[in-house]
Structures are given as structure tokens and as C-alpha cells.
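The values are calculated or read from the model by the stated rules, or taken from the named source; none is laboratory data. Everything numeric here is computed off the predicted structure, so don't read it as measured data. Neighbour counts run over all protein chains shown; Cβ positions are idealised from the backbone, glycine included.
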Amino acid sequence: MAYAVTPAAVPVAGGPVSVSGPSGLSATTGVNFGLLDAVSVAVYDDTLLYVTAPAHNPTTVAVTVHTPTADIAAGTLTYNPPPIVADWPTLPEVRAFLRVAGTDEDTIIDMARQAAIDYGNRRTNYQWTPGSSSNWIQPLPAAVKKAAIIHAARLYKRRDSIDGTVGWADVGLTHLGRVDPDVEAVYASVGPLVFG
């Protein structure tokens, strides 16, 4: 059995890993990740170590276990770069889409933005919960952000309508669907209709 480092990758902030092997780990005096020392090392037994990897730039480094009699090449550890996070639309982004300067309408625009984000969050099955982007498995797709901006702008424009479902068409007052087909088409490009 060869030595192994698990998991094989951690974020650039570092984190817990284990080093396992056939034997010889109970006399460990230190562990290096490339040129950096481990933050902490706990010897479980002769075949297993619990180690906290230090922060490092995105790269793959050699993991070396030091004992009084030898240095053991335990494997490698990859430091993954932080994900690119495109967050939900901000108030200035919705204002820019509406082509309005900061006004006393900001409170209403922000309420429309929050309602659009809430709908988008439910529509995408809470994969991108606002305010917790560090926990997202993948970045918010640009299509979802675009749909939320369009939806927020339309909710703002319909603010005087009952439930935002009545609007003006070329022929006069008309009833609009709960969800605009074009906004729903953008959400559909990300995944099927889901409400959690």
C-alpha cells in the first residue's frame, strides 16, 4: 500500500487532510506542503495522520512527512482557486437596467429586486441562496442574473398594478401571466421549473 493524501484537493485557504500509509507515521515530527509547514499535525496511529494544510496559492504541491529516520513522500495536494462568483443583481444594476438615477424610488426598486431574487432563488431550487455565495457549488449563471434583473425591472414598472399582474398593452388594460414567458425561458435555459 502506498501513502495517500485525502482529499486530493482543498481550497486556497487550506484545510483538513489525512495522510495514510502502510506504517511509519507514529514518529512524525512534521509535515510540509511544498515549502510550507502544516498548521497542525495529529498522529492517530502508525498508519494515519490528521493534518491541517496551510493556505497556499492555487497549485499542486508535494506533501512530505518528516520522521526522525526519513522523509516520506506522501503524495500531492491541489489547492483549488476560489470560484468566480457572480452574485444576484444589486440595486445599482437594476437601476442601470431601468435607466434611472438614484432617486426616492430606490426603496421601491429594491423591493422589486428582492422579490425577483426570491422568485429566482425558488425557481432554481435554492442553489444560489443570496448572501451565502461562499457555499455555492458553482457560480450563479449569468442567465439567472439576467432573468432576475429583467424580472425586477418589470415588477418595478408594474408596481401600481394589483399583484403586478395587470399591465398596459397596445389595446389597453390587459392581464399578464404570473411569469413572463421570456424571463421563464431564461430560467429554463438553466434547468427545469422547480419550486422548493
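Regarding the range 77-88, can at least one residue be identified that is modelled with pLDDT of 85 or more, surrounded by fewer than 16 Cβ atoms within 10 Å (Cβ to Cβ) and in contact with a Ser or Thr (Cβ under 9 Å, 6 or more places away or on another chain)?
Pass one, the range 77-88, residues modelled with pLDDT of 85 or more: 77-80, 88.
Filter once more, keeping what is surrounded by fewer than 16 Cβ atoms within 10 Å (Cβ to Cβ): 78, 80.
Still in the running and in contact with a Ser or Thr (Cβ under 9 Å, 6 or more places away or on another chain): 78.
Yes - at least one qualifying residue is present in the range 77-88.
Among the residues of the range 35-76, those identified as within 28 Å of the chain's Cα centre (by Cα) and either surrounded by fewer than 17 Cβ atoms within 10 Å (Cβ to Cβ) or in contact (Cβ under 8 Å) with a residue 60 or more places away in the chain (or both) are L36, V39, S40, Y50, T52, A55, N57, P58, T59, T60, A62, T76. In the range 15-31, the residues that are under 11 Å from A53 (Cβ atoms) and in contact (Cβ under 8 Å) with a residue 40 or more places away in the chain form Cβ pairs under 8 Å with partners that are of a type outside the set (A, V, I, L, M, F, W, C) and in a loop (DSSP other than H, G, I, E, B), at six or more places apart or across chains, as follows: V17/P7; V19/Y3.
Each residue in the range 7-59 was checked for being in a strand (DSSP E or B) and out of contact with any His (no Cβ under 8 Å at 6 or more places or on another chain), and 23 of them qualify. Here the helices (runs of 4 or more DSSP H) wholly within the range 89-196 that include at least 1 residues being at pLDDT 85 or above, out of contact with any Leu (no Cβ under 8 Å at 6 or more places or on another chain) and of a type outside the set (S, T, Y) are 91-98, 106-123, 142-157.
Does the range 81-98 contain any residue that is touching a residue at least 24 places away in the same chain (Cβ under 8 Å), among the aliphatic types (A, V, I, L, M) and over 30 Å from P139 (Cα atoms)?
Here is the first cut: in the range 81-98, the residues touching a residue at least 24 places away in the same chain (Cβ under 8 Å) are 81-89, 93-94, 97-98.
Now restrict to residues that are among the aliphatic types (A, V, I, L, M): 84-86, 94, 98.
Still in the running and over 30 Å from P139 (Cα atoms): none.
Looking through the range 81-98, none of the residues is touching a residue at least 24 places away in the same chain (Cβ under 8 Å), among the aliphatic types (A, V, I, L, M) and over 30 Å from P139 (Cα atoms).
Could you please find all residues in the range 1-34 being under 31 Å from the mean Cα position of the chain (by Cα) and aliphatic (A, V, I, L, M)?
Step one: filter the range 1-34 for residues under 31 Å from the mean Cα position of the chain (by Cα), giving 4-20, 31-34.
Within the range 1-34, A4, V5, A8, A9, V10, V12, A13, V17, V19, V31 meet the criteria.
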